[in-house]
1. Tell me what the protein assembly as shown gives for mean residue ellipticity at 222 nm when only DSSP H runs of n ≥ 4 count, each as -39,500 (n - 2.57), the sum divided by the residue total, rounded to 500 deg cm²/dmol.
2. Under a plain spin-label model, where a point goes 7 Å from the Cα along Cα-to-Cβ, how far apart in nm are A:Glu18 and B:Leu228?
3. How much length, in nm to one decimal, is gained on full extension between A:Glu117 and A:Val87, taken as 0.36 nm per residue of separation minus their Cα-Cα distance?
4. Please sort through the DSSP H helices of chain B and keep those with an alpha-carbon extent of at least 24 Å along the long axis and a Kyte-Doolittle average not below -0.5.
5. Using Cα pairs closer than 8 Å and at least 6 residues apart in sequence, work out the relative contact order for chain B, in percent.
6. Name the lysines eligible as straight-distance cross-link partners of B:Lys172: C-alpha to C-alpha under 18 Å, and not fewer than 8 places from it in the same chain.
7. Please compute, for peptide A:131-139, the average count of beta-carbon atoms on other protein chains lying within 10 Å of each residue's beta-carbon.
8. Per residue and in Å³, how big is the convex hull formed by the alpha-carbon atoms of region B:28-112?
Amino acid sequence: MTKVTMTVNGKSVSAEAEGRTLLVNYLREGLGLTGTHVGCDTSQCGACVVHVDGKAVKSCTVFAVDVAGSDVRTIEGMANADGSLGVVQQAFQDHHGLQCGFCTPGMVMSSAALLAENPRPTEAEIRHYLEGNICRCTGYHNIVKAVLAASGQDAGAMAAE
Amino acid sequence: MHNFEFVKPSSIADAVKALAAEGAQPLSGGQTLLPTMKQRLAAPEVLVSLTGIAEMQGVCMGEGGLHVGAATPHAVVAREAAPSYPALAALAGGIGDPAVRNRGTIGGSVANNDPAACYPAAVLASGATVVTDRRRIAADDYFQGMFTTALEEGEFITQVIFPVPQAAAYVKFNQPASRFALTAVFVARFADGVRVAVTGASNNGVFRWEEAEAALSADFSTAAISGLSVSDADMISDLHGSAAYRANLVKVLTGRAVNAAH
């Protein structure tokens, strides 16, 4: 075990980790940040997406020690400073972009990464970017609406089905 | 997965030293190696991360064509190769999904030589040079069958140099669950001839379709290959597609790539 230090949601943190400790387990078990979910554990589903130095990555397929020293952001870092929901989170709530909520942390992190790269994505661009995030409840439609809304575009203009 | 000792050198020279250890293996983006280790199909004693080596990062034009550092993630190639080699950039931008593209690297993909990976098709069709910590290997000598390459024990790729074709395109028929190629074809037209590389189809991994190369070198049009046929003898057959289906895809996708090449 070695001490692995990084910045998570703006705070310098450290926890013990083995070489094989995955970033997602470091966050969940080492730091108690259980908002990041393990879905498939095979980098298919995207429930574990977090940002490492501003880039969306699947934290089930990264060793914690390999990103020591990095700036990591998780779903716990997406709310506003006063605790109210951030823009993407609020849009998911407003547009019913979740049902069971299991995929939501990853969906929100991937959506935020998309908007950082492309502030006004088209519907097609949103669907394409979220290719690596699987949702088994919503049928994606309301997630896409939420991302459109979060980008300041009119989600009502999107087809109902 | 089994535990291991983790080393993260910051130079090629230090990586060479670290990889001399017994049971050492290079780790790049890890998008294939981590799942493989989780299944205990690989259990290295020492993992040497190559992603902290600055001299293995980035894309730039140089002697012999476009130089791509082996530890450059797909997302960076998709963005930075776009002005000089758009077909290569488009290929990189279609691998996996955005999160995978932020971690996975060209060196990792080419070293692994998955029979359905995208990059081997670009390397072979471009006649690229694979540069390692100890030598330069021509693409035609590098790929030696499914998951098999010319790399020796402890040898790792530092850079891939792509001659830039006059026109090229990569057309991939997606296997939608894995996002690997069910079959994909890279066509590259150079002044001295056309090269056609096929991935996802053969039990022997990426290969050149030489009959199509000869026909397209004489006449770069879909008509030139309309009379050709591809044998299904060595093609992969699985629940996603039969050998005959893949053989047919090779021809169809080659035609589409010729039409798309610019």
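1. That calculation yields -8000 deg cm²/dmol at 222 nm.
2. Label-label distance for A:Glu18 and B:Leu228, simple model: 5.1 nm.
3. Gain in length upon complete extension: 9.2 nm.
4. B:243-260
5. Relative CO of chain B lands at 15 percent.
6. Partners found: B:Lys251.
7. 2
8. 97 Å³
Only the coordinates and a few stated rules stand behind these numbers; no lab work does. Not measured: the values here are computed from a predicted model. Positions of Cβ are backbone-derived with ideal geometry, glycine not excepted, and every protein chain shown enters the neighbour counts.
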